[in-house]
Amino acid sequence: MTISKTTSKEPDTKRVKLYRQNFYTQPVVLIDGITRTGKTMLSPILTSLENVELHRIETNFDRIPRLYKLKKITRDAAVACLRLEMETKLYESMISRSINFRKSDNSGVFNQIKPFKYLKRLFAPEGDVVVEKILKEKPIFQVQTHDILGINSIYFDAFGKSLRIIEMLRHPIDSIFGNCRRGYGKREADDPRIFSLNILHGKKLVPWYCYGWEEEYLACKSPTDKVIKMCAVRLQRMWEGYESLSDEQKKQVLFIGFDTFATNPEPDVVKMENFIGRTRTGSLRKALTKGRIPRIIKPEDREKKEQDIRSKASPECISIMEDLVEEYEKRIKHIYG
């Protein structure tokens, strides 16, 4: 076969538009929040609702919107990839392909409430019968994400009215302390187990969320200061992202306070049932028990965390932390009354 000179030329890729239609209409649920806000506590509870799949931690659901936000990929590519990721992972979930069977992992099947359901699926047929089952039963896909509410536009473009964002809110003292204990503020640049994007700023690496304030991040005197400013920036972007939504889009976001849910889950369970349109099953009690819910949150434990943070933070960052606490308390009061 002879290829003409016209067809053998390098194509103008700027004219190529990528597209993937939405084959399913049931809700797509994101359990979102900044790091260390308690998403893993909430996800198994959601799984106990009718026909909700086990929660997944899939990094592409974080990476794609970040790449789009930083203008490294086009809108059509980001939308198509998000739709493909969701439909691929939902299909795989229905046949237990790419399912986490590690017993020690929080997201593993054996730490969920329906492990045998996914063991049985290993031996189920695949193919069109799975697609037909999805169309008939409308299982809900849920995935844990980070910082999506702050860069939400591409998710609304991808899933429209099917999108549901459950945003976890946690007391800033707990979030800051948890991030510090995990080594954030010093691990991001050189730890191969941090599976997140970095920005090359000059000759130094900074986390992806430092775009626009790279120098300020690098100038921080301690890892604790970095964590405090990191939490402040990410929370600010989260609220700005929420306020940018239309009134109708805001109805697709549900805020859940960690403390409130952990100590008195019933009102929030009712909210989640209404939010995604699914009712609880008999597995809810088991899910709550496995998650140690309800539990007692001791004020003295938080006081110890705060003392530890204050001993390591600069006066500037202590002031930032105090502002975060004040805003958090106002927001929680507004949400729960």
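The values are calculated or read from the model by the stated rules, or taken from the named source; none is laboratory data. All figures in this text were calculated on a predicted structure; none of them were measured in a lab. Don't worry about glycine lacking a Cβ; one is built from the backbone with ideal geometry, like all the others, and counts go over all protein chains shown.
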(request) For region 103-118, indicate whether the set of residues that are within 30 Å of residue 297 (Cα to Cα), without any contact (Cβ under 8 Å) to a residue 60 or more places away in the chain, surrounded by fewer than 16 Cβ atoms within 10 Å (Cβ to Cβ) and hydrophobic (A, V, I, L, M, F, W, C) is non-empty. (result) yes
(message) Restricting to region 102-140, and then to whatever is assigned to a helix (DSSP H, G or I) and among the basic types (Lys, Arg), can you tell me which residue is nearest to residue 53 (Cα to Cα)?
(response) 117
(request) Might you check whether a residue that is at pLDDT 95 or above, in contact with a Pro (Cβ under 9 Å, 6 or more places away or on another chain) and β-branched (Val, Ile, Thr) occurs anywhere in region 81-97? (result) yes
(request) Would you be able to tell me the number of residues in region 249-295 that are free of Cβ contacts under 8 Å to residues at least 60 places away in the same chain and under 30 Å from residue 157 (Cβ atoms)? (result) 5
(message) Need the failing condition index for residue 231 against (1) within 30 Å of residue 251 (Cα to Cα); (2) touching an Asp or Glu at 6+ places or on another chain (Cβ under 8 Å); (3) surrounded by 21 or more Cβ atoms within 10 Å (Cβ to Cβ), just the number.
(response) (2)
(request) Mind listing whichever residues of region 130-144 are surrounded by 21 or more Cβ atoms within 10 Å (Cβ to Cβ) and of a type in the set (Val, Ile, Thr)? (result) 140, 143
(request) Would you be able to say whether some residue in region 299-319 is basic (Lys, Arg), more than 19 Å from residue 185 (Cα to Cα) and surrounded by 14 or more Cβ atoms within 10 Å (Cβ to Cβ)? (result) yes
